[in-house]
Amino acid sequence: MCIRLRTTTMELEEGEPVGLVTGLQAGAFLGLYLGFSLAVISVLTDPTQLKRLGGLMCTPPVLGAVCLGPFLARRRKPVDLGKRPLSHARETLASFNEGQGRWRVLSHVKSDGMSIRIDMHDLTNLRGVVDAALPLSNHCSVKFIVGRGVQTSRQPELRQRVLELVEERVVLTRRKRTAKSIEISPIPTVKYVDQQRKINRALLILLPIFSFFAWLEMK
């Protein structure tokens, strides 16, 4: 049992590699993005060079797939929720059931396919549920449904009370407030966002450089 639980946790935290096929497709897409940019420069410099235009549209995607595909294939997929984390969340929070007509895991703990949604309305033990639910955010996103926090809300004080409990325990980079919820992101998601920003920054830096040298070559 312990070994199985440890393996499940590892899969939830790291996910599976996207695979070579997806890596090749991603590399080809990046190459197509570069090729399209170079093709635009080719058209602006000499619209009659149709052969060069076709080469710029076809060659970079192939090179991108071959050169970047194996590297991108090692990237890991986002956490796959499915039914397992939802079942685990309901088992974890089952002890806080307050009976029919009040807070229950079957009616207040759900999944939207991307995160675990915990409706905090009708709940008496807010601190207990927050404390028990926060470890779940190590594996998948957890959303506390708290309403807008305005006077016309059913429980206007709920949003601020839950927010204070979350702020005591979770760093700012993992917290996100929306109109009706407070979301806690897992650490792998935070790392993924940071990596994505680095890739976008690299594209913004390298693409103008490649375009400039291509323009000099075609001029």
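Karplus-based coupling profile of segment 121-137, in residue order and whole Hz: 5, 6, 9, 8, 8, 5, 4, x, 5, 4, 4, 6, 7, 4, x, 5, 6, with θ = phi - 60° in 6.51 cos²θ - 1.76 cosθ + 1.60 and x standing for Gly or Pro.
Treating only the Cβ atoms of Lys and Arg (+1) and Asp and Glu (-1) as charged, compute the dipole magnitude of segment 84-185 about its Cα centre; round to the nearest 20 debye. Show your work: numbers first, answer last.
Values: 18 positive and 11 negative charges, 58 e Å.
Computed charge dipole of segment 84-185: roughly 280 debye.
At most 11 other Cβ atoms within 10 Å and a DSSP loop assignment: could you name the trypsin sites (Lys or Arg not before Pro) in segment 112-176 that fit? Let's see the in-between values first.
Numbers: sites: Arg117, Arg127, Lys143, Arg148, Arg154, Arg159, Arg161, Arg169, Arg174, Arg175, Lys176; in loops: Arg148, Arg154.
For trypsin sites (Lys or Arg not before Pro) across segment 112-176 that sit outside H, G, I, E and B with at most 11 neighbouring Cβ atoms in 10 Å, the list reads Arg154.
Rg and Dmax of segment 19-168, both derived from C-alpha coordinates alone, stand at 25.3, 76 Å. Phi angles across segment 169-181 convert, under the Karplus curve 6.51 cos²θ - 1.76 cosθ + 1.60 with θ = phi - 60°, into 3J(HN,Hα) values of 10, 10, 5, 4, 5, 9, 9, 8, 9, 10, 4, 10, 8 Hz, Gly and Pro given as x.
Taking the empirical scaling 2.2 N^0.38 Å for compact globular proteins as reference, segment 84-185 has a Cα radius of gyration ratio of 0.98.
Of the trypsin sites (Lys or Arg not before Pro) found in segment 24-111, those that fall in a DSSP loop while having at most 11 other beta-carbon atoms within 10 Å are Arg74, Lys83.
Computed from the coordinates by the stated procedures, all read-outs in this text should not be read as laboratory data. Computed from a predicted model, the values in this text were never measured in an experiment. Neighbour counts run over all protein chains shown; Cβ positions are idealised from the backbone, glycine included.
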